[in-house]
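Q: The structure is given below, and queries will be raised subsequently.
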Amino acid sequence: MPVDYQTLGLAVLAAATIGLSKGGLPIASMFAVPILAIAIHPVTAAATLLPVLLASDLVSLLAYARHAERPLLAVLMPAMLAGIAFGWLSAAWMPVPMIMLVIGLIGIGYCAKSLLLRRPPAAAPGTKGGVFWGILSGFSSFISHSGGAPYQVFMSSRPIDKLSYAGTSAIVFASMNVVKLLPYWSLGAFDVGNWQLSLLLVPVGFIFTLIGIALLKVASEDAFRKVLDLALLAISLKLVWDGLTKYISAV
C-alpha cells in the first residue's frame, strides 16, 4: 500500500486519538478509523490501526488492569467473545447500516433518559444486562467497530469510579482486539504495506496513551462521568449519521 504525506498525516492523527482513548479518554478513538478512511478504504484503515490498538492496549493494561472490576469482567468477557463470533459468522448477510442506526438510537435514548431523569447509577449492576450489552458490544465491534457504544450504555449506569472503569475497559477491549486479529486475517485485510505503516504508528500510540493517562489522573470523578456521557452521545450520533448515509447510498 503506497503511503503519501496526506495518508501519513491522517494515520498519525488517527493513532493519536487511539492513544488518548487507551489512556482513559473514551471519546477519542471513535474518530480513528473515519480519519484514516479519508485516505484509504475503511476496512484497510481498520486493519492498519489494529496493531496500533494492540500496542496501546499494552500500556493501558500496565497502567489500569489492577483496578478492573472482576465481577463485571466475568459477565462481559464471555458475552463479548460470543458477540464477535456471531459477527464473524454473519458478516456476509448482516445489514450493517441498519445495525449501526439501531445501536446509535439506543445510545441517544440512554443519554436523553440520563439527562432528563438525572438519576445516580444503580447500586447493584445486574448480570443479565451485562450479558445483553456485552454480546451487542462484541457483535457491533466486529461488524462496524462501534462496540464502544453498547459497552458505554452498560458501564455508564454502573456505580464505578474512573480507575475501575479504565481498568475494566483496558482488559475488555485489549481482549477483543486480540480476538479480532484472526477474523481480519482470514478476510484478507492485512498486507505488507499495512504492517509497515502500522509499525510507524505504534510509537505515536504509545506517546498519546501516556498523555491520556496523565490527563485522567487530574480529572475529577464528576468530570470523568460527564466525559463518558459526552462520549456516548457523540458516538451514538455518529453511528446514526453513518447508518443513515450508508443505508441511503445503498438504496
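Q: So which residues in region 217-235 are small (Gly, Ala, Ser) and either part of a helix (DSSP H, G or I) or free of Cβ contacts under 8 Å to residues at least 12 places away in the same chain (or both), if there are any at all?
A: Going through region 217-235, the residues small (Gly, Ala, Ser) turn out to be 219-220, 223, 231, 234.
Listed by number, the residues that qualify are Ser220, Ala223, Ala231, Ala234.
Q: For region 127-201, list the helices (runs of 4 or more DSSP H) that sit wholly inside it and hold at least 2 residues that are buried (at least 24 other Cβ atoms within 10 Å of the Cβ), among the small types (Gly, Ala, Ser) and at pLDDT 75 or above; which are they? Let's see the steps before the verdict.
A: Working: elements: 127-144, 148-156, 162-186.
Helices (runs of 4 or more DSSP H) meeting the threshold: 127-144, 162-186.
Q: Quick one: Trp93 ticks every box in (1) modelled with pLDDT under 90; (2) among the aromatic types (Phe, Trp, Tyr); (3) part of a helix (DSSP H, G or I) except a single one, so which number is it?
A: Tallying (1) modelled with pLDDT under 90; (2) among the aromatic types (Phe, Trp, Tyr); (3) part of a helix (DSSP H, G or I), Trp93 fails exactly one: (3).
Q: Here's a follow-up. Hey, among the residues in region 39-72 that are within 17 Å of the chain's Cα centre (by Cα) and without any contact (Cβ under 8 Å) to a residue 40 or more places away in the chain, which one's farthest from Leu215 (Cα to Cα)?
A: Top of the filtered list is Pro42.
Q: Something else: What pairs come out if I take residues in region 161-174 that are over 10 Å from Glu69 (Cβ atoms) and pair them with residues that are modelled with pLDDT under 90 and acidic (Asp, Glu) whose C-beta lies under 8 Å away, six or more apart or interchain?
A: Note: pairs meeting the criteria are Lys162/Glu221.
Q: What are the pairs, 6+ residues apart or on separate chains, where a residue within region 195-211 that is more than 18 Å from Tyr5 (Cα to Cα) has its Cβ under 6 Å from a residue that is surrounded by 22 or more Cβ atoms within 10 Å (Cβ to Cβ) and of a type outside the set (A, V, I, L, M)?
A: What qualifies is Gly205/Gly19; Gly205/Ser56; Phe208/Gly19; Thr209/Gly19; Thr209/Lys22; Thr209/Gly23; Thr209/Ser56.
Residue-wise test of (1) assigned to a helix (DSSP H, G or I); (2) at pLDDT below 85.
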site: Leu13; (1), (2): yes, no
site: Ala32; (1), (2): yes, yes
site: Ile38; (1), (2): no, yes
site: Leu49; (1), (2): yes, no
site: Ser56; (1), (2): yes, no
site: Val59; (1), (2): yes, no
site: Leu73; (1), (2): yes, no
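Q: Select from region 202-226 the residues that are loosely packed, with under 13 Cβ neighbours inside 10 Å and either closer than 16 Å to Leu61 by Cα or modelled with pLDDT under 85 (or both) and list them in ascending order.
A: Ala214, Lys217, Glu221, Asp222, Ala223, Lys226
The values are calculated or read from the model by the stated rules, or taken from the named source; none is laboratory data. What you see is a predicted model, and the numbers here were worked out from it, not measured in a lab. Glycine also receives a Cβ, built like all others from the backbone with ideal geometry; neighbour counts cover every protein chain displayed.
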